[in-house]
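**Q** There's a structure below that I have some questions on.
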Amino acid sequence: MGVPITDSLTRFVFERAALRGAVVGLDAAYRECVGSHSYPPRLTRILGETMAAMCLLANSLKFQGSLILQLQGAGSVRLLVVECDASLTLRATAQWSGDVADAATLAELAGDPRRSRMVLTLDPRDGGPLHQGIVALEGGSVASLFEHYLAASEQIASRLWLDATGERVRGLLLQRMPGSTDADTATWMRAVSAVDEATEPFGSTDAHALLAALFRDDDVRAFRARTPRFGCSCSRERVAGALKMLGSAEVESILAEQGSVGVNCEFCNRRYDFSADEARALFAAPQATAIH
Ligand SMILES: [Zn+2]
């Protein structure tokens, strides 16, 4: 029975070797994430590849937290943020300036590596400590950045293939399991070269057919597909909290200039408006309740 690859994530294992992986497709989830911004085409695809990679990583989270990738760049990309939680809800944003060359890699767009920084944060969201790891901005593609990160942080041999158009993203992760031995090396090599040599590794619209076509000499067991989605956690309360952080003086200066305060969520572009009274009320001392 087939499983459409559209907006799906399917995890799989090899039956006769300690190898595992997952294949992901982002369609509506991707278009909704990038659709409310007018990113240059190259930046849209890089965001898409990063979203697929984050989805593949977040799929193995063992708790209800989220993964956040944040790039502070010194080149034409100033900021890139992709978040994916354990339920595979995604959101992303980027800021850029000037031209984004159509063949540029993420590392090139980030500019001077001494002044750029990419951090992957694991937020357990239950009050537990954050875990942060630096993702080295070396190599070229988004896939190779994540491969290096996985090799360094998890000590597991991993290969990642990503393919984004303006409309959809496909991704495939292949990993040796922690207990993998020399006996698995031949299968690992065969599986990796099968994907490397495939003219169209993501040619199929069905996740199971795609795995069967790539790994035709091996028994691969696929698990039930999950559904990645776009979702933004912004709210009026959170925006109000951000305005309070900004401070009364700053908010007064916006009111003097514009008469009200309007804030657009940088992820979903939703607009939050605060009238002068509503904005000032954020800084008012709590009212004493009259007792009759
Ligand atoms: Zn939002």
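Every read-out reported here was derived from the displayed coordinates using simple, explicitly stated rules and does not represent laboratory data. The shown structure was predicted, so the numbers you read here are calculated from the model rather than taken from an experiment. Here the Cβ is made from the backbone with ideal geometry for all residues, glycine too, and neighbour counts use every protein chain on show.
**Q** Of ARG176, ARG78, ARG125, which is the most mobile in a GNM of the chain whose springs link Cα atoms less than 10 angstrom apart?
**A** Answer for the Gaussian network model of the chain: ARG125.
**Q** Could you work out how much longer the chain between ALA151 and PHE283 gets when fully extended? Use 0.36 nm per residue separation minus the Cα distance between them, nm to one decimal.
**A** 42.7 nm
**Q** Kindly point out, ordered by number, any Cys in the chain whose beta-carbon has no other cysteine beta-carbon under 4.7 Å away.
**A** Cysteines of the chain left without a disulfide-compatible partner: CYS33, CYS55, CYS84.
**Q** Can you list the residues of the stretch 83-107 with backbone N under 17 Å from a point 7 Å past the Cα of ASN264, pointing along Cα to Cβ?
**A** Inside the label zone: 92-98.
**Q** Which values, in whole Å and largest first, are the semi-axes of the equivalent ellipsoid of the stretch 1-46 obtained as the square root of 5 times each eigenvalue of the Cα gyration tensor?
**A** Numbers: eigenvalues 187, 35, 8 Å².
Semi-axes from the Cα gyration tensor: 31, 13, 6 Å.
**Q** Oh, and also: In µm²/s, what is D for the chain at 10 °C and 1.306 mPa s, where D = kT/(6 pi eta Rh) by Stokes-Einstein and Rh is the Kirkwood radius from Cα pairs?
**A** Answer from the Stokes-Einstein relation: 76 µm²/s.
**Q** Say a site is exposed when it is one of the chymotrypsin sites (Phe, Trp or Tyr not before Pro), sits in a DSSP loop, and has at most 15 other Cβ atoms within 10 Å; what is then the longest site-free stretch of the chain?
**A** So the longest stretch without any such site is 64-222.
**Q** Residue by residue, what Karplus-based ³J(HN,Hα) values in Hz, rounded to whole numbers, does the stretch 199-209 have, using 6.51, -1.76 and 1.60 with θ = phi - 60° and x for Gly and Pro?
**A** Computed from phi, the couplings for the stretch 199-209 are 5, 9, x, 10, x, 7, 8, 10, 5, 5, 5 Hz.
**Q** Could you work out how far helix 236-246 tilts from the main Cα principal axis of the chain, as a 0 to 90 degree angle to the nearest 10?
**A** 70
**Q** Under a GNM of the chain (C-alpha, springs under 10 Å), which listed residue has the highest mean-square fluctuation: SER253, SER235, SER76?
**A** Comparing SER253, SER235, SER76 in the GNM, the peak value goes to SER253.
**Q** Quick one: dipole size for the chain, taken about the Cα centre, charges +1 on Lys/Arg Cβ and -1 on Asp/Glu Cβ, in debye to the nearest 20.
**A** 480
**Q** Suppose R0 equals 35 Å; then what is the FRET efficiency for ARG125 and GLU257 from their Cβ-Cβ distance, rounded to the nearest 0.05?
**A** 0.45
**Q** Follow-up question, since we're still on this one. Just to be sure I follow the definition: excluding the sites themselves, where is the longest run in the chain that has none of the GluC sites (Glu not before Pro) in a DSSP loop with at most 14 other Cβ atoms within 10 Å?
**A** After excluding every exposed loop site, the longest remaining stretch is 168-292.
**Q** At a Förster radius of 35 Å, what calculated FRET efficiency corresponds to the Cβ-Cβ distance of ARG117 and ALA249, to the nearest 0.05? Please report the intermediate quantities before stating the final value.
**A** Details: r = 30 Å, r/R0 = 0.86.
Efficiency, from the Cβ-Cβ distance: 0.70.
**Q** Further question: Could you list the trypsin sites (Lys or Arg not before Pro) in the stretch 191-292 that lie in coil according to DSSP, counting only those with at most 15 other Cβ atoms within 10 Å of their Cβ?
**A** Sites meeting the loop and neighbour criteria: ARG216, ARG224, ARG270.
**Q** Select from the stretch 9-53 those trypsin sites (Lys or Arg not before Pro) which occupy a DSSP coil region and have at most 12 other Cβ atoms within 10 Å, ordered by residue number.
**A** Here the sparse-neighbourhood loop sites are ARG16.
**Q** What ³J(HN,Hα) values, in whole Hz, does the Karplus curve 6.51 cos²θ - 1.76 cosθ + 1.60 give for the stretch 149-159 when θ = phi - 60°, with x put for Gly and Pro?
**A** With coefficients 6.51, -1.76 and 1.60, one gets 5, 5, 4, 6, 8, 9, 6, 10, 5, 9, 10 Hz.
**Q** Going toward the positive end of the dipole of the chain, with +1 on Lys and Arg Cβ and -1 on Asp and Glu Cβ, which of VAL100, LEU56, LEU210 do you reach last?
**A** Of the candidates, LEU56 comes out farthest on the positive side.
**Q** Follow-up question, since we're still on this one. Pick out which of GLY25, GLY65, GLY203 has the largest mean-square fluctuation in a Gaussian network model of the chain, springs linking Cα atoms closer than 10 Å.
**A** For the chain, modelled as a Gaussian network with Cα springs under 10 Å, the answer is GLY203.
**Q** Using Cβ contacts closer than 10 Å as the measure, can you line up SER144, SER275 from fewest to most?
**A** With the fewest neighbours first, SER144, SER275 line up as SER275, SER144.
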